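Some notes on the structure that comes next.
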Amino acid sequence: MVKVKVKNESKHEKFRRLATGRTQKVLDALRILGNCTNTQTYEYTREEVEKIFENIRTTTEEIKQKFMHKITNKHIFEL
């Protein structure tokens, strides 16, 4: 993996650049997972499908909570 260092890139610009690419990779992987729906090639049960999507939902929610926690829990000390 090659690290791309953009000169004078702000933290927000870096976030947007990395988050865009990483989100696209997740979406691409989900689309590829969708190829497994071809019942001429694959066989699966309802329980297996539920397990896959429950895991995706759980992981997605955990990551969302990590983002939201960082946004909402900025404690400011005052006397």
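A short reminder: the numbers here are calculations on the coordinates, not readings from a lab. Since the structure is predicted, the reported quantities are computational estimates derived from the model, not experimental observations. When we count neighbours, we look across all protein chains shown, and the Cβ atoms used for this are built from the backbone with ideal geometry, even at glycine.
Can you tell me the orientation of helix 11-34 relative to the chain, as the angle in degrees between its alpha-carbon axis and the longest Cα principal axis, to the nearest 10?
Tilt relative to the chain: about 10 degrees.
Okay, helix-only estimate at 222 nm for the chain: each DSSP H run of n ≥ 4 adds -39500 (n - 2.57), divide by all residues, round to 500 deg cm²/dmol; what do you get?
-23000 deg cm²/dmol
Between K51 and N8, with labels modelled 7 Å along Cα→Cβ, what's the label distance in nm to one decimal, could you check?
Going from the K51 label point to the N8 one covers 5.4 nm.
Place the peptides 13-20, 31-38 in order of packing, highest mean first, counting for every residue the other Cβ atoms within 10 Å and averaging per peptide.
13-20, 31-38
Can you tell me the orientation of helix 46-72 relative to the chain, as the angle in degrees between its alpha-carbon axis and the longest Cα principal axis, to the nearest 10?
0 degrees
Give me the one-decimal nm value for the distance between modelled label points at L18 and T58, 7 Å along each residue's Cα-to-Cβ direction.
2.7 nm
Reported to two decimal places, what Rg/Rh ratio describes the chain when computed on Cα atoms with Rh from the Kirkwood expression?
The Rg/Rh ratio comes out at 1.15.
Residue farthest toward the positive end of the dipole of the chain, with Cβ of Lys/Arg at +1 and Asp/Glu at -1: which of H12, Y42, N73?
Of the options given, the answer is H12.
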